[in-house]
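Student: Provided herewith is a single structure, encoded as structure tokens, for subsequent inquiry.
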Amino acid sequence: MQKEMNVFLSEGCSRGRIVTMPVPEVVPGTVLVKIAYCGICGTDQDLFSGECSFAETGQVSYPVRLGHEWSGVVEAVGEGVTQFCKGDRVVGDNAVSCGKCDACLAGDFAHCAHMLNVGTIDPVYDGAFCEYYIIAAHHLHKIPEGISLKEASLAEPLSVAYGGIKHMNITKNSTVAVIGTGCIGMAAVVLAKCLGAKNVWMIGRNESKLESARALGAEIINIKQCDAVQTIMDLTGGLGADFVLECSGAPETFKQAIDIAAFRATVALIGFYEHRENDVNVDTMVAKALTLIGVMGEMGNMAGALSILAEHKPDLLPIITDELDFDECIAGFTRKNYPNAVKIAVKIGEED
């Protein structure tokens, strides 16, 4: 008799349910992972509510199995898999290649012509809100020693932040400003601190979330109490920040990022913007000779983020502000239930 597992399915309109499904069987080239933790992302919450552009335009097919921020332990490996074995602690990419196109057949999975999105929009690959997860071996990464399974569930948002950080030559003399107190903003703080930046400022308005940033080593700037641009200029003697990571997508933060940037600074735009930005002086960007980078998920970023974790072994737990058991996870997909959450981690399996 085939073994069964519990799976969470989102049905949109703030409805979801845990159902029973067969545990997938390994086939050549794949790995079966017993999921330990899966984080609830803002995108998960949007898809759960159905109040997002993806649902409005039909880019998500319900029911959808959410979950692209996960960690787990290898349960079994398929034929031909030699780089992993039962008991290995792993995390996975947030996109899955088709394995059949010319690029995949050549081993160039990053340029797959039919890439699938893990647990989000069409074309979709089932997400990891389940007890057992099957995925191609080439999309897995071993968790560094000294990083717990709970912390490792943050590897995906860390990889997104790394997409901006990797373009920044951060040194012990660098000043870094991070806008946005969500998980990716916190991840940017962690990576900048690991790379030895002289000052890392976190800019936001939620005092509870700002305290999480302080616990990660950031200096905090609460825009409810001061003007962020003026504060950064005062702290830098009028120079501004060498590197800026805009992770919120909130109204006015694009302009804020440009205004706090120093001459020849690099500005990474990681947050999505709900509306067009019309109050931006392009001449400021030109006069400052800024480098602007748009950041999206990219193959290779996970390995880059994990290499920094392996070397520096930072404490990531301040990012995880709430933890839920799998059987009570539905509450976590509604923002108003956890208004001060930075990251909600759902415990699905065993800990280390």
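Student: Need the failing condition index for I147 against (1) part of a loop (DSSP other than H, G, I, E, B); (2) farther than 17 Å from L316 by Cβ; (3) assigned by TED's automatic domain parsing to the domain that holds V60; (4) out of contact with any strand residue (DSSP E or B) (no Cβ under 6 Å at 6 or more places or on another chain), just the number.
Tutor: Unmet for I147, out of (1) part of a loop (DSSP other than H, G, I, E, B); (2) farther than 17 Å from L316 by Cβ; (3) assigned by TED's automatic domain parsing to the domain that holds V60; (4) out of contact with any strand residue (DSSP E or B) (no Cβ under 6 Å at 6 or more places or on another chain): (2).
Student: Does segment 209-261 hold any residues that are in a loop (DSSP other than H, G, I, E, B) and either touching a residue at least 24 places away in the same chain (Cβ under 8 Å) or in contact with a Gly (Cβ under 6 Å, 6 or more places away or on another chain) (or both), and which are they? Spell out the reasoning first.
Tutor: To start, the set of residues in segment 209-261 that are in a loop (DSSP other than H, G, I, E, B) comprises 216-218, 223-227, 236-240, 247-252.
Of everything in segment 209-261, those that are in a loop (DSSP other than H, G, I, E, B) and either touching a residue at least 24 places away in the same chain (Cβ under 8 Å) or in contact with a Gly (Cβ under 6 Å, 6 or more places away or on another chain) (or both) turn out to be L216, G217, A218, T236, L239, G240, C247, S248, G249, A250, P251, E252.
Student: Quick check on my filter: what residues within segment 236-248 are surrounded by fewer than 19 Cβ atoms within 10 Å (Cβ to Cβ) and either at pLDDT below 95 or under 13 Å from M202 (Cβ atoms) (or both)?
Tutor: Step one: filter segment 236-248 for residues surrounded by fewer than 19 Cβ atoms within 10 Å (Cβ to Cβ), giving 236-239.
Within segment 236-248, none qualify.
Student: From the set of residues in segment 325-343 that are surrounded by fewer than 20 Cβ atoms within 10 Å (Cβ to Cβ) and among the basic types (K, R), which is nearest to G42 (Cα to Cα)?
Tutor: R335
Student: Still on this structure, I have one more. Among the residues of segment 295-324, which ones are at pLDDT below 95 and either loosely packed, with under 15 Cβ neighbours inside 10 Å or among the charged types (D, E, K, R) (or both)?
Tutor: Those that are at pLDDT below 95 and either loosely packed, with under 15 Cβ neighbours inside 10 Å or among the charged types (D, E, K, R) (or both): M296, E298, G300.
Student: Of everything in segment 97-108, what is touching a helix residue (DSSP H, G or I) at 6+ places or on another chain (Cβ under 6 Å) and either under 29 Å from I147 (Cα atoms) or touching a residue at least 40 places away in the same chain (Cβ under 8 Å) (or both)? Give them in sequence order.
Tutor: S97
Student: So is T82 part of a loop (DSSP other than H, G, I, E, B), surrounded by 18 or more Cβ atoms within 10 Å (Cβ to Cβ), assigned by TED's automatic domain parsing to the domain that holds M21 and of a type outside the set (A, V, I, L, M) or not? Talk me through it step by step, then tell me what you get.
Tutor: Working: part of a loop (DSSP other than H, G, I, E, B): yes; surrounded by 18 or more Cβ atoms within 10 Å (Cβ to Cβ): no; assigned by TED's automatic domain parsing to the domain that holds M21: yes; of a type outside the set (A, V, I, L, M): yes.
So T82 does not fit the description; no.
Student: Let me ask something additional. Any idea how many residues of segment 28-54 are touching a residue at least 40 places away in the same chain (Cβ under 8 Å) and assigned to a helix (DSSP H, G or I)?
Tutor: Let us first name the residues in segment 28-54 that are touching a residue at least 40 places away in the same chain (Cβ under 8 Å), namely 28-45, 47-49, 54.
Okay, now just the ones that are also assigned to a helix (DSSP H, G or I), so 42-45, 47-49, 54.
Qualifying residue count, segment 28-54: 8.
The values are calculated or read from the model by the stated rules, or taken from the named source; none is laboratory data. Since this is a predicted model, take the numbers as computed values, not measurements. FYI the Cβ positions are ideal-geometry reconstructions off the backbone, even for glycines, and counts take in every protein chain you see.
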